[in-house]
Amino acid sequence: MSNELERLLAFTIAWGWVAAPSIPIAAAWCALHRSIKPGLEASIFLLLATISYCWILFGLFFRSALGPDYSSERSMIVLANIVAMAILALWAAVRGRDCKMRLIIVSLVTASVWFYVLAISSVV
């Protein structure tokens, strides 16, 4: 029984982690939409983070979307997205005006899921 419970807990945590960026992404889009004069920079930033997250979701159902299994291409795609999210977080911290904190959280949470993908890809 405890083995089944452990597997269920691990499954729940893994899927919860993968789903975690959807909440700050949706909140940031809502905040940007409610903003009186949304900035172009913030919109582009949020669009890039959303595309990165959608790539993760697409990769869950179509594994080849992240590159061939056990390939350097897959590692490069994942690492490029991690770096992109880190750059976007720094960019939001330095230049962000609209929804600054939300944009930083979106990029860091999305980067954490990319780290999870990297860890899983290196083990499995």
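Descriptive notes on the structure:
- Among the residues of segment 59-78, just one is surrounded by 11 or more Cβ atoms within 10 Å (Cβ to Cβ), among the hydrophobic types (A, V, I, L, M, F, W, C) and either under 12 Å from the mean Cα position of the chain (by Cα) or outside any helix (DSSP H, G or I) (or both), namely Val78.
- Within segment 92-117, the set of residues being under 21 Å from Ser22 (Cβ atoms), of a type outside the set (A, V, I, L, M) and surrounded by fewer than 19 Cβ atoms within 10 Å (Cβ to Cβ) comprises Lys100, Ser112, Phe115, Tyr116.
- The condition of being surrounded by fewer than 14 Cβ atoms within 10 Å (Cβ to Cβ), free of Cβ contacts under 8 Å to residues at least 24 places away in the same chain and not polar (S, T, N, Q) holds for only one of Ala89, Ala19, that being Ala19.
- Looking only at segment 1-44, residues that are in a loop (DSSP other than H, G, I, E, B) and under 20 Å from Met85 (Cβ atoms) come to 3 in all.
- Any pair with Cβ under 6 angstrom, 6 or more apart, that starts in segment 58-77 at a residue that is within 12 Å of Ser121 (Cα to Cα) and ends at one that is surrounded by 13 or more Cβ atoms within 10 Å (Cβ to Cβ) and among the hydroxyl-bearing types (Ser, Thr, Tyr): Arg74/Ser121
A short reminder: the numbers here are calculations on the coordinates, not readings from a lab. A quick note: this is a predicted structure, and the numbers were derived from the prediction, not measured. Cβ: placed from backbone, ideal geometry, glycine included. Neighbour counts: every protein chain shown.
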